[in-house]
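Some notes on the structure that comes next.
The values are calculated or read from the model by the stated rules, or taken from the named source; none is laboratory data. Worth saying up front: this structure is predicted, and the values here are computed from it rather than measured. Every residue, glycine among them, receives a Cβ derived from its backbone with ideal geometry; neighbour counts consider all protein chains shown. Just so you know, the surface numbers come from the protein's heavy atoms only, side chains and all, with ligands and any DNA or RNA stripped out. Shrake-Rupley method; radii C 1.70, N 1.55, O 1.52, S 1.80 Å.
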Amino acid sequence: DAVYRWVAGCFMLFTLMSAIYIVAQCAQVISFRTFFVWFQVIVNPLSVGGWMMVWWVWFRLRHPAWVPKAIAILTVAQMVTMAFGANLVNDAVPRQVGMAFFVVSVVIRLLLAALLVFIVSKGIRETGTEGWLVLPAVIPMGAALFENELIVFHLMGVWHFRGVTILFVEAAEMMMAAAVGLLMLLRMLQSVRRQREMALDVKQAQAVQRFLIPKELPPIPGLAIETEYHPARDVGGDFFQIVQHPTDGSALIVAGDVVGKGLKAGMMVALLVGAIRTASDMSLNPQFVLGVLNKRLMRRGDAQATCLALRIGLDGQATLANAGHLAPYLNGEPLPMEGALPLGLIDGAECSVMQFSLAVGDNLLLMSDGIAEAMDAEGKLFGFERVNELARSATCAAEIAAAAQRFGQEDDISIISVTRTAVSQLTIAQTLEME
């Protein structure tokens, strides 16, 4: 946040001024005249201008846009007029000219004070409480612009306390520091409250996602299905749905991976799962389902997802449509699918389609790229070679997921293992009767 740089600059300037004051007080290196030249000509104008920018940035003010430039111009003008008007340059100018510079410096300081009041009043209108908390510190800072005049007229321009001299500007600086500290504390408390609200939102999103991503699957005749789902964060971007046809006994399996991670990806998962359920009520045709999902993602900014839809009949005949997702593994070997664009890029984009048959005992693995993208502490990827080896040797989906997690999970991991089992003739006959 840029405001912290402005605050740090004001504090460093005040620290530098204090250090020079100590040197002038305790040593002969710097005279008091030199200190007051430094203070009146450089430190005080820069300090006032710096604090004005602090509140301009703190209140996130944007209009009128000329205010920062006006602060810079008036600060430089104050430095110049104070140098000549206060006769701090060893009588380099005639008295009449010095008086003219002094009058101009008074006008400039009045303009700075008015601009400071304008910024704080605008901050009060914009933020309310924060602006009112700043006001008690801004009033002495505005008065510090006329510290010399206050001292001349004995109007509390300086305090003496137990042998310590406190200038008006020093008191104003300390009050500014106190105001910043209080506002930063309030900002921290607001941040903690927002973080708690966000944590609650994430927990609620987790609960919704647990409902959307099924852990327990209904028994489907002819298929033994095992699933593993491990999000990389609290909310994942992988998704899958398994739907059984109510009459012909076929099953539709849809699996995908939303681009991105976290809560935003989780919201897109909820959208796609709802679309899958809506589409499957009308048809279990894989191409039709992916077409519906593609339309749902169009015109949603950078919302894209890789996805595949697989329909397996009771007789083992399978139709697979793929939109940029990792090709499934049949008995440990990847299916030779043509490439296709992910969902959400082009309206009406065609997906790659293939048909094949599953014999009894055949195993089909559907995986997300989170397994291949696992990364160890040295930055090495798990890679597709290890994925291919696991697809051939692993006995269950949990074994593959565990291997990738041990290596170093970086992305969501989802695996669906489908094994075709024998179906009795009685079950087939009952299904045909239902049709």
Report the label-to-label distance for Arg193 and Cys26 in nanometres (one decimal), using points 7 Å from each Cα along the Cα→Cβ vector.
-> 4.5
Among Gly181, Ile242, Ala391, the residue whose Cα sits farthest towards the positive end of the charge dipole of the chain, when +1 is placed on the Cβ of each Lys and Arg and -1 on the Cβ of each Asp and Glu, is Gly181
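As an exercise, use a Förster radius of 30 Å and the Cβ-Cβ distance of Leu200 and Glu410 to find the FRET efficiency, rounded to the nearest 0.05. Could you put the intermediate results ahead of the total?
Working: r = 26 Å, r/R0 = 0.88.
For Leu200 and Glu410, the calculated efficiency is 0.70.
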Take the solvent-accessible surface of the protein heavy atoms, probe 1.4 Å, and return the percent of it on the chain that carbon and sulfur atoms account for.
-> 62
By how many nm would the segment from Arg210 to Asp248 lengthen if fully extended, with 0.36 nm per residue of separation less the alpha-carbon distance?
-> 10.8 nm
Could you tell me whether the range 254-387 comes out rounded, prolate or oblate from its Cα gyration tensor? Rule is a ≥ b ≥ c as square roots of the eigenvalues, rounded for a/c under 1.5, then prolate if a/b exceeds b/c, otherwise oblate.
-> oblate
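Taking square-rooted eigenvalues a ≥ b ≥ c of the alpha carbon gyration tensor, is the range 257-305 rounded, prolate or oblate, where a/c under 1.5 means rounded and, failing that, a/b exceeding b/c means prolate?
Working: a/c = 2.51, a/b = 1.83, b/c = 1.37.
Prolate, because a/c is 1.5 or more and a/b exceeds b/c.
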Only residues of the range 281-304 count here: report those whose backbone N is under 16 Å from the spot 7 Å along Cα→Cβ of Phe356, or say none.
-> none
Return the FRET efficiency for the residue pair Asp302, Trp132: r is the Cβ-Cβ distance, R0 is 51 Å, and the value is rounded to the nearest 0.05.
-> 0.75
Over the range 203-358, with neighbouring protein chains present, the accessible area per residue in Å² at probe 1.4 Å is 46
Set of the range 305-334 residues, backbone N closer than 12 Å to the point 7 Å along the Cα-Cβ line of Asn388 | 333-334
Using only Cα atoms, tell me the angle between helix 286-297 and the longest principal axis of the chain; keep it within 0 to 90° and round to the nearest 10.
-> 10
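For Ala398, what charge total do you get from the other residues with a beta carbon under 10 Å from its beta carbon, if Lys and Arg give +1 and Asp and Glu give -1? Kindly include the intermediate steps, with their values, before the conclusion.
On the way: positive: none; negative: Glu226, Glu228, Glu399.
Net charge around Ala398: -3.
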Gain in span if fully extended, Ala422 to Val103, counting 0.36 nm per residue against the direct Cα distance | 104.6 nm
Whole-Å distance linking the alpha carbon centroid of the range 364-414 with that of the range 224-258 is 18
